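The values are calculated or read from the model by the stated rules, or taken from the named source; none is laboratory data. All values reported here derive from a predicted model rather than from experimental measurement. Neighbour counts are summed over all protein chains in view; Cβ atoms, including those assigned to glycine, are modelled from backbone coordinates with ideal geometry.
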Amino acid sequence: MPNWRVGVPVLIVAGMHSPVGAGLTPQVDKKLLLGMSAAFLVFVGFMMLFFLACKRDKELGRAGVGSMAGFLGGLLGVGGGDFVLPVLN
C-alpha cells in the first residue's frame, strides 16, 4: 500500500519544479547534459542491481526530494520517479 502522506507532497513539489528544469535544458551545454544523462543511467542501473531498502530512523525532507526529482527529471528529460522511488521504499 502506498504511503500517500509522503507521496502526495513529493508529487506536488516535483510537478512544480519540473518545468524549471525543462526550461533550463536549452541553456545547458549539450556535452554536459549528455554526461549527466549517462551518469544518471549508470546510477539507475546500479540502483536496480544493488539497492536494498532499509528502515530509516527519520524521514527525508519531502520538499527537497520532490524539488530535486522534478528539477532533474525536467532537465534530463526522464521521469522523476527514478529519483523518488528509493525514498518511498
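A few comments on the model shown:
- Considering segment 41-71, and only residues there that are in contact with an Asp or Glu (Cβ under 9 Å, 6 or more places away or on another chain) and modelled with pLDDT of 80 or more, the residue that is surrounded by the fewest Cβ atoms within 10 Å (Cβ to Cβ) turns out to be 43.
- For the residues 7, 35, 15, the requirement of being surrounded by fewer than 16 Cβ atoms within 10 Å (Cβ to Cβ), assigned to a helix (DSSP H, G or I) and at pLDDT below 85 singles out 7.
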